[in-house]
Amino acid sequence: MALSEQYLEEDIHPIDIVEHLAEHHDWDFDRIGDDQIAMAVEGQWRTYSITLAWSNYDETLRMVCSFEMEPPTEREMQLYELLNKMNDQCWAGAFTYWANQKLMVYRYGLVLAGGQTASADQINTMITAAVMSAERYYPAIQLVTWGNREPEEAMQVAIAEAYGRA
């Protein structure tokens, strides 16, 4: 049964759907308010903090997937160059580095204008894509910030991973 088959009503709040997904996947979560939820999702490299928030104003479900990172100051320019290269490869969502909070962030917004409703499958795909993207580029980020590698070289690791394993 598809995740979306559990929801036959059209007016289910998107954050309620996220809460059910978190329970289904056994993720740790905290319902911060009616319009916001925070979760911890375990990946291969890290545990990712994922926050989803619903905005009635612009009818958008916003997601932020983050992990802590404190790159050496002398490597920040190479990190930003790497982020540009990573974002060229991401068609849904984008990476940014929030220096003040010391967080690497993947952001995505699902626009549901005109009273559209998000399905559980859409939201699950959104969360899965965020974790997969963070996992894909994590080694490249580490190579640039701590391995003193150039962004082009580090991107080869992420690209090679995308094609699978033998």
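Tabulated results
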item: Residue within segment 130-139 that is surrounded by 12 or more Cβ atoms within 10 Å (Cβ to Cβ), aromatic (Phe, Trp, Tyr) and in contact (Cβ under 8 Å) with a residue 60 or more places away in the chain present; result: yes
item: Qualifying residue in segment 144-155 (condition: in a helix (DSSP H, G or I), open to solvent by 60 Å² or more (accessible area, probe 1.4 Å), closer than 20 Å to TYR80 by Cβ and not aromatic (Phe, Trp, Tyr)); result: yes
item: Single condition TRP91 does not satisfy, out of (1) part of a loop (DSSP other than H, G, I, E, B); (2) in contact (Cβ under 8 Å) with a residue 12 or more places away in the chain; result: (2)
item: Counted residues, segment 72-85 - those being in contact with a helix residue (DSSP H, G or I) (Cβ under 7 Å, 6 or more places away or on another chain) and either charged (D, E, K, R) or open to solvent by less than 10 Å² (accessible area, probe 1.4 Å) (or both); result: 5
item: Options GLN36, GLN78, GLN89, GLN44: the member that is at pLDDT 95 or above and under 23 Å from PRO151 (Cα atoms); result: GLN78
item: Condition check for GLU70: among the charged types (D, E, K, R), closer than 21 Å to GLY147 by Cβ and part of a loop (DSSP other than H, G, I, E, B); result: yes
item: Count of segment 91-118 residues which are more than 30 Å from MET77 (Cβ to Cβ), surrounded by fewer than 18 Cβ atoms within 10 Å (Cβ to Cβ) and either among the aliphatic types (A, V, I, L, M) or touching a Leu at 6+ places or on another chain (Cβ under 8 Å) (or both); result: 3
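The values are calculated or read from the model by the stated rules, or taken from the named source; none is laboratory data. Only a predicted model underlies this, so the values are computations on that prediction, with no experimental measurement involved. Note that we place each Cβ from the backbone using ideal geometry, even for glycine, and neighbour counts take in every protein chain shown. Side chains included, ligands, DNA and RNA excluded: accessible areas come from the protein's heavy atoms. Shrake-Rupley method; radii C 1.70, N 1.55, O 1.52, S 1.80 Å.
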